[in-house]
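Each reported figure results from applying straightforward, stated rules to the coordinates on display, with no laboratory input. Please read these numbers as outputs of a predicted model, since none were measured by experiment. Because the Cβ atoms are built from the backbone with ideal geometry, glycine has one as well, and the counts that use them run over all protein chains shown.
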């Protein structure tokens with residue numbers, strides 16, 4: 001089953017990803033193909049199988065709450081596309 | 001002696017004996033880069049000034065008698081590892097001008113050894129791809145046949161080593177991105193156990209799968225580099241606090257007492273005859289070296305690994321890449337007023353096709369209504385795949401498979417068919433799903449094109465696969481062949 005244009009646009013919006021019409025058409029085809037291929041997973045019996053999120057036996061890794069140096073503000077801001085003094089400059093969130 | 005062709009071990013011996021200086025070695029590599037780079041396009045940035053100043057410092061260290069095996073040795077770093085003051089692009093327009101304010105832990109560790117960073121290597125954008133064709137800048141060519149891909153995503157690192165532009169390189173591996181290009185370029189590439197090497201400063205793709213590792217000219221060099229980069233790092237909470245052995249100590253040539261399994265699911269469908277032939281010969285060689293070989297091992301869930309991987313990796317990627325919003329760093333679309341529009345346009349023009357495809361795929365798999373059927377299901381299948389490996393490792397010390405089902409394919413051949421491209425990783429990605437260590441070493445040629453053998457080990461048993469790889473390498477000549485370019 002091919003994804004609809006609306007479905008592709010819905011996913012793109014969730015991902016905050018702008019797409020051209022040509023990209024939307026191409027993604028409808030390609031994502032549908034790929035997802036169809038993934039149907040193979042439904043053949044696997046996973047009753048009572050817990051999910052694995054990562055492969056190592058570590059849990060709740062914590063560290064001491066110790067003060068340490070962080071990067072100087074000038075370096076943190078050095079790559080900012082828009083800045084204003086000591087701030088990142090962003091567009092209005094509330095319109 | 002051709003200086004740029006030296007291995008780490010050979011160069012170290014000459015540096016220590018003062019028969020060669022690091023500046024001479026570095027200049028030899030820089031000259032080699034000038035000569036072959038127009039043909040192979042392996043490097044996004046050549047850091048010649050940095051390299052020469054590091055080489056001078058290394059020569060001072062050597063003069064003082066302070067010599068680590070990597071002191072003064074030129075290395076190429078995949079362009080997804082942060083290098084302080086040197087732009088780190090991930091071969092993406094999104095990070096084309098990004099200059100990190102800090103070093104990745106692996107880079108810091110190499111620098112502490114007195115290493116010489118000679119360049120940053122080309123890759124598939126954000127490490128998503130199997131051919132390096134998904135670089136936003138240019139395609140890297142395979143030095144064995146310039147019309148073919150070098151593999152990916154660490155294609156630039158593999159080519160830099162295969163074409164002798166550097167003595168060794170670092171790559172990263174999420175589903176085969178070190179091993180598959182190592183196989184395609186006839187070099188040695190190791191993906192360590194998940195948690196063995198710190199990921200701090202590695203630009204995140206799929207955080208539960210990513211791992212950094214060496215690409216080298218032989219197995220000894222691989223062990224030397226792993227010694228330098230392995231170990232716990234308090235900046236990476238997934239790095240594991242196990243002691244780091246001296247990996248060069250396990251390199252012996254007698255394999256008696258070891259049992260190696262051959263999982264039959266890795267020898268099916270779409271595999272090229274010459275790859276299968278080379279692998280069977282290589283496995284017989286392991287037997288001659290004293291290893292017990294069991295040919296009929298079965299890992300039936302292998303056939304589900306590709307689907308599980310291409311749900312899990314894009315899902316994690318879609319979350320990780322949410323950070324590219326055009327506000328903090330990276331490309332930023334300016335010509336609109338609305339915050340949302342600016343973000344959407346930034347991501348539209350900053351990301352390439354494959355990255356967009358994976359963000360879409362991952363977002364879909366994580367979205368309401370599909371999470372259980374895709375993401376959760378894939379995570380459960382992940383459990384079964386890992387269990388199957390654990391069971392196999394109760395009987396076998398290591399598993400052996402081809403690194404990839406084919407020899408390097410033609411540039412452009414798979415660019416219009418993402419699924420065919422994904423299949424190129426079918427032998428390597430199950431290992432990331434299970435978090436295991438695996439190494440690819442040269443195991444022959446088919447029509448002059450490289451074929452790799454993959455050895456898979458138990459968690460944190462890098463020593464076992466290095467030992468088997470070393471024994472095979474010492475008994476064969478494949479790793480000594482060089483491409484004519």
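A few points about this structure:
- Test for residue B:200: is it within 11 Å of chain A (Cβ to nearest Cβ) and outside any helix (DSSP H, G or I): no
- None of A:15, A:80 is facing chain B (nearest Cβ under 8 Å) and in contact with a strand residue (DSSP E or B) (Cβ under 7 Å, 6 or more places away or on another chain) except A:80.
- Looking across segment B:278-328, just one residue is at the interface with another protein chain (Cβ under 10 Å from one of its Cβ atoms) and at positive phi, and that is B:326.
- Some residue of segment A:55-68 being facing chain B (nearest Cβ under 10 Å), without any contact (Cβ under 8 Å) to a residue 60 or more places away in the chain and surrounded by 14 or more Cβ atoms within 10 Å (Cβ to Cβ): yes
- Every residue from segment B:90-117 that is buried (at least 24 other Cβ atoms within 10 Å of the Cβ) and farther than 15 Å from residue B:225 by Cβ: B:90, B:91, B:92, B:94, B:95
- Residue within segment B:115-136 that is within 14 Å of chain A (Cβ to nearest Cβ), over 21 Å from residue B:331 (Cβ atoms) and either part of a loop (DSSP other than H, G, I, E, B) or over 19 Å from the mean Cα position of the chain (by Cα) (or both) present: no
- Where helices (runs of 4 or more DSSP H) fall entirely within segment B:240-352, those with at least 2 residues that are surrounded by 15 or more Cβ atoms within 10 Å (Cβ to Cβ) and touching a strand residue (DSSP E or B) at 6+ places or on another chain (Cβ under 7 Å) are at B:273-288.
- Flag for residue B:189 being closer than 27 Å to residue B:479 by Cβ, away from every other protein chain (no Cβ under 11 Å) and part of a loop (DSSP other than H, G, I, E, B): no
- Every pair of residues 6+ apart whose Cβ atoms lie under 7 Å, when the first sits in segment B:335-348 and is more than 7 Å from chain A (Cβ to nearest Cβ) while the second is not in a loop (DSSP other than H, G, I, E, B): B:336/B:342; B:336/B:345
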